[in-house]
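Here the structure comes first, spelled out in structure tokens, and everything after it is commentary.
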Amino acid sequence: MTEFLDQDIQFLPGVGPVRAELLRKELNLHTFRDLVYYFPYKYIDRTKFYKISEVHAQMPHIQVKGKIVSMEVVGVGNKQRLTATFRDETGSMELIWFQGVKWMKENLKLHTTVTIFGKPAEFNGVINVVHPEIEAEGDISLKPSGIFQAHYITSEKMKKKFVTSKALHKIMLLLVEKMKGRVPETLPGPLIGKLKLMSLEEALISIHKPATTLDLKNARFRLKFEELFLIQLKILGLKHARESKFKGYPFTQVGFNFNTFYHDYLPFPLTEAQKRVLREIRRDLSRPIQMNRLLQGDVGSGKTLVALMTALIAFDNGFQACLMAPTEILAQQHFATITRLVEGMHIGCGLLTGSTRAAERSLLHEKLGDGSLQLLIGTHALIEDVVVFRNLGLVIIDEQHRFGVAQRAKLWQKNDTIPPHILVMTATPIPRTLAMTVYGDLDVSVIDELPPGRKPIQTLHYFENRRAEVFQFIRRKVAEGRQIYIVYPLISESENLDLKNLEEGFRHVTETFPEFEVCMVHGRMKPQEKEREMSRFKEGKTQIMVATTVIEVGVDVPNATVMVIESAERFGLSQLHQLRGRVGRGAEQSFCLLMSSYKVTNESRKRLATMVRTNDGFEIAEMDMRLRGPGDMEGTQQSGMGFDLKIANLAKDGQILDMARHEARDLLDTDPRLENEEHLILRKSLSQGKKTDFEWSVIS
Ligand code: ADP
Ligand code: MG
């Protein structure tokens, strides 16, 4: 027998086949359950009354008690409308009807106290409400949900067919009435008791028809908790399963390579954060379980060194390692940095990118096969099937959000006996709550400390009219011997237009600074050309680099101390932060100058203000999530997880998430496979609802 909630919505009174079709097509609602889990997006508090003197046109809605003192039909035919003067002891306003004029005129009562409800507007200095709801004193029929009126998102198509928020509300009220006594609980009794949660049935009723504010609060808490708890249970359960299924090579030795490097080659003492992270990694590697660790650290925090030292541990245990970077430039840079760091240590390092020549390529393949190459650094080229390692034990991925899940999975398979340990590094800090959810099955390490001696970058925002000052500043800095980046955004869909924009900028800069060498770098250049310009800049042969965001990752020129970002209002927060990270790499004070036009949206303004206020990548990431919403955050799309929270909000519900994770962990500690009698209910809850493909977790 179908459970009550599994019934087709068309069998609900007030729905029927036509509306059911509409709800299916427009909102993807099929069953009673889908419907009851379609939550209101807001509630209007019908306990709040205003005086007419308090009302202004910017209020979203008002509720006022007063009397209609006069009315008048204005205009003729189609243009006819009914205008009524509505008054309380503080003033008067107008009520207007364009439809049902005749009926309203006959039924509106003058001089009796009524309550009106609606959206205020202003015309010719007079406040009015068009088509207000009106109710006589004592009449509660218009307040079917008690003190709060629930509002639902509906589509244009639905509105056209009169399935408005109000109509949906009516359907919901019918449903919750019918539902009573027929909603099975989804969480174990002891958990509900421990956290004093509302029952599911009560919560589902209250979310649509709250009796009191407290009632609504408890209902929301219960539903948010459940949503986050089930996700955590799933993620942590999969992590458990993965760890018992996928063995890892225990790297028990910390030996010659690591120690030699640490004692004789390390160019500077490690920061405390680097040490802590290395300890975390070493602990992971020593277990016979595959490591899956995410290393977060702001730009310039010294992740490369951690990567190298992790690789040294792999070599000490007789394994090979690879380091994959998202761009050719970055791969080359890693290769240069690392070979320099280990120079004299006799470690076989190779570089493999799209532009590696065939002859060299086959040499690399050969050395990989016989094991004389210990570390392979490269781009996506590493993934290709022809690249075969003798015994790959460690995969390090830099700037991970640029790689899809599938690509990572391919690297896994490069050791067919036991999968290699995985270290994923990202300079795009992910808000804590998002990391716990999207990357919840990875262990997370954080480098939250910059190497000593760095001066925080100063960030300033300039409007277009102060460009002369900015150019003056650039001139002074170059005279002092510094170098400058000027970055242009990708504005249009068309690369040609963007290029034109960049070229215009380049011409302008060249004309303004005839005395300096200016170069240009963009994504459509050949890798060799790009590389040539980059090296010339690095060697100080050019002073100003005009570029697109291709310089976002990896460029390391300590002498470049000024980053000018043109049309900064067009960039997202995380990208602005990434770009800013290109400067501040040396001992000199660095600057980031954000140029924008006057016309910036509210959101852009907040982004720019955040950049000016803080250098802290985590704070910026939190803000980014608050401004954009968790669903749009970089990384979520590629995570491959159908990320569909109905009620919890990762930007706001961090505390509930902590609680959910904690409870999930406790529960799995005692019963990892959910086999206890009282946990069977959870298996059902996990398989219910939206089918989410969680297989990603096994490979990310
Ligand atoms: P990330 O990859 O995290 O952005 P890098 O690894 O490129 O940062 O390091 C940035 C710079 O800091 C490099 O020039 C590196 O040599 C330097 N660096 C790294 N660790 C330290 C340290 N412990 N002390 C001083 N400088 C360091
Ligand atoms: Mg780096």
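The values are calculated or read from the model by the stated rules, or taken from the named source; none is laboratory data. Source: prediction; values computed, not measured. Because the Cβ atoms are built from the backbone with ideal geometry, glycine has one as well, and the counts that use them run over all protein chains shown. Heavy atoms of the whole protein, side chains included, go into the accessibility calculation; ligands, DNA and RNA do not. Shrake-Rupley method; radii C 1.70, N 1.55, O 1.52, S 1.80 Å.
Details
- If you go through the stretch 233-281 and pick out every residue that is outside any loop (DSSP other than H, G, I, E, B), within 12 Å of ligand 1 (Cβ to nearest atom) and free of Cβ contacts under 8 Å to residues at least 12 places away in the same chain, you end up with 1.
- First in the stretch 286-302 and touching a residue at least 24 places away in the same chain (Cβ under 8 Å) and open to solvent by 10 Å² or more (accessible area, probe 1.4 Å), second anywhere and within 14 Å of ligand 2 (Cβ to nearest atom) and part of a strand (DSSP E or B), Cβ under 6 Å, 6 or more apart: R293/L423
- Residue in the stretch 229-253 that is farthest from the chain's Cα centre (by Cα), counting only those that are hydrophobic (A, V, I, L, M, F, W, C) and surrounded by fewer than 22 Cβ atoms within 10 Å (Cβ to Cβ): F246
- Annotation note: of A203, A121, A136, the sole residue that is small (G, A, S) and touching a residue at least 40 places away in the same chain (Cβ under 8 Å) is A121.
- Qualifying residue in the stretch 389-399 (condition: at pLDDT below 85, within 16 Å of ligand 2 (Cβ to nearest atom) and under 32 Å from the mean Cα position of the chain (by Cα)): yes
- Number of positions in the stretch 356-397 that are in contact (Cβ under 8 Å) with a residue 24 or more places away in the chain and open to solvent by 10 Å² or more (accessible area, probe 1.4 Å): 11
- Matching helices (runs of 4 or more DSSP H) fully within the stretch 302-377 where at least 2 residues are of a type outside the set (F, W, Y) and more than 18 Å from L423 (Cα to Cα): 328-341, 358-370
- Residue that is most open to solvent (accessible area, probe 1.4 Å) [pool: residues in the stretch 432-455 that are within 12 Å of ligand 1 (Cβ to nearest atom) and of a type in the set (V, I, T)]: V446
- Extreme residue, nearest to the chain's Cα centre (by Cα), among residues of the stretch 340-350 that are more than 16 Å from ligand 2 (Cβ to nearest atom), closer than 20 Å to K303 by Cβ and open to solvent by 20 Å² or more (accessible area, probe 1.4 Å): C349
- Applying the criterion of being more than 16 Å from ligand 1 (Cβ to nearest atom) and at pLDDT 80 or above to the residues of the stretch 400-431, the residue that is most open to solvent (accessible area, probe 1.4 Å) is I418.
- Test: residue in the stretch 314-328 that is over 19 Å from G393 (Cα atoms), without any contact (Cβ under 8 Å) to a residue 40 or more places away in the chain and open to solvent by 20 Å² or more (accessible area, probe 1.4 Å): no
- Selection from the stretch 503-532 of residues that are open to solvent by less than 50 Å² (accessible area, probe 1.4 Å) and among the charged types (D, E, K, R): K530
- Sole exception among (1) away from ligand 1 (no atom under 16 Å from the Cβ); (2) at pLDDT below 90; (3) of a type outside the set (A, V, I, L, M); (4) under 28 Å from the mean Cα position of the chain (by Cα) for G378, by number: (2)
- Restricting attention to the stretch 333-358, the residues that are modelled with pLDDT under 90 and under 18 Å from D556 (Cβ atoms) total 1.
- Exactly one residue among S574, S596 is open to solvent by less than 40 Å² (accessible area, probe 1.4 Å) and within 16 Å of ligand 2 (Cβ to nearest atom), and that residue is S574.
- Elements of type helices (runs of 4 or more DSSP H) in the stretch 461-560, at least 1 residues being within 16 Å of ligand 2 (Cβ to nearest atom) and either farther than 30 Å from L352 by Cα or at pLDDT below 95 (or both): 527-538
- Where M309 falls short, out of the listed (1) aliphatic (A, V, I, L, M); (2) within 14 Å of ligand 1 (Cβ to nearest atom); (3) open to solvent by 10 Å² or more (accessible area, probe 1.4 Å): (3)
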